[in-house]
Amino acid sequence: MPVVGSSGYGTASSVLSLVRSLLDDAAVATGDVFTDAVLIPFVNTAYHQVQFEMANHGIETFVKDNVILTVPAVTAADPSLQVTLNDTQNQMTTVAPTPQIPTDLLVPTRIWERQTGSSEPFLPMVQRTDGLPSELQQERLRFWEWRTDGIIFLGATQSNDVRLRYESVLPDVVQGSDSIQLRGAQDAIAFLAAALAAQSRGSPQAQVFDAAGNEALRKILVRGTRRQQHTLRRRRPYARQRNPGF
């Protein structure tokens, strides 16, 4: 007997159907007034709201790790040079074309590096929040800064691979068959989307739907918080640490 594929994720069609039921527009499967084309922008707005609330409460659904990019070597050491990875592939005269950062990257949290083509372990890099130092490039990149939606390096005299760990954003839904990539969040998204749709028509039901959506979202956040309470965490000592490699 063949194995039937399944997933823990719901689909946008189930959210759209619930929204139409809440708005009393379910007589026709595709909606009479609130069709998919009308509702999908509201669903995506609600989807974003649930995502950001979950991320702000430390629920690690959106963390991606072990994404490898190659930062090419600079052609000449220059203390004024900086190498940028951002949302486009950069063409530079002092360095080979640099790769584009992942399109779902919201903000990087940690970065490691190693020489391109080697099998050595990745070494942690140091994030600078007050600007990169002005000094000649070495073999390692060593430092990074997140600025103007780009990851900024000093550059290095050799090509290095960087391993990214970052907070991501989920892709918007564009049709009913698309997945809602948040487990158990369909009701919260549907109520919040119904509130937005009802508000756009001046319906007093908008407040009722919004309250129901926020209550469903609260339950998701409580569940995530309880799971975190069972996770052992070791606090880092508050002390200045030396890194002899830098």
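Every read-out reported here was derived from the displayed coordinates using simple, explicitly stated rules and does not represent laboratory data. A quick note: this is a predicted structure, and the numbers were derived from the prediction, not measured. Neighbour counts run over all protein chains shown; Cβ positions are idealised from the backbone, glycine included.
Percent of Cα-Cα pairs more than 22 Å apart in region 57-202, please.
Cα-Cα pairs of region 57-202 separated by over 22 Å account for 49 percent.
Go ahead and estimate [θ] at 222 nm for the chain from helices alone: -39,500 (n - 2.57) per DSSP H run with n ≥ 4, summed, over the residue count, rounded to 500. Before the final figure, lay out the partial values.
Numbers: 4 runs with 72 residues, N = 246.
One gets -10000 deg cm²/dmol as the mean residue ellipticity at 222 nm.
Under a plain spin-label model, where a point goes 7 Å from the Cα along Cα-to-Cβ, how far apart in nm are Asp24 and Ala96?
That separation, rounded to one decimal, is 6.5 nm.
So if I take the centroid of the Cα atoms in region 123-197 and the same for region 12-49, what is the distance between those two points in Å?
That distance is 31 Å.
Given region 119-162 reduced to its alpha-carbon atoms as identical point scatterers, what log10 I(q)/I(0) does the Debye formula return at q = 0.25 Å⁻¹?
Summing over Cα pairs of region 119-162 leads to -0.97.
Any idea what the relative contact order of the chain is, in percent, if you count C-alpha pairs under 8 Å spaced at least 6 apart?
27
Kindly state, as a whole number, the per residue volume in cubic angstrom of the convex hull around the alpha carbon atoms of region 117-190.
188
Choose one answer from Gly155, Gly31, Gly117: the residue with the largest mean-square fluctuation in a GNM of the chain with alpha-carbon springs under 10 Å.
Comparing Gly155, Gly31, Gly117 in a Gaussian network model of the chain, the most mobile one is Gly117.
Quick one: length gained pulling Glu139 to Leu123 fully straight, 0.36 nm per residue minus the C-alpha distance?
4.5 nm
Based on alpha-carbon positions alone, could you give the equivalent ellipsoid semi-axes of region 101-141 from the gyration tensor, as √(5λ), descending, whole Å?
Working through the eigenvalues yields semi-axes of 19, 18, 10 Å.
Based on alpha-carbon positions alone, could you give the equivalent ellipsoid semi-axes of region 74-127 from the gyration tensor, as √(5λ), descending, whole Å?
Details: eigenvalues 78, 63, 29 Å².
Square roots of five times the eigenvalues give 20, 18, 12 Å.
Sort 70-76, 38-44 for me by packing, meaning the mean count of neighbouring Cβ atoms within 10 Å per residue, highest on top.
Those peptides, ordered most packed to least, come out 38-44, 70-76.
Kindly state, to the nearest 0.05, the FRET efficiency for Phe52 paired with Ser177, given R0 = 25 Å and r defined as their beta-carbon distance.
Efficiency for this residue pair is about 0.50.
Averaging over every viewing direction, what projected area does the convex hull of the Cα atoms of region 1-91 cover, in nm²?
Average projection, Cα convex hull of region 1-91: 13.0 nm².
Need one number: the % of Cα-Cα pairs in the chain sitting beyond the 24 Å mark.
In whole percent, the long-distance tail amounts to 59.
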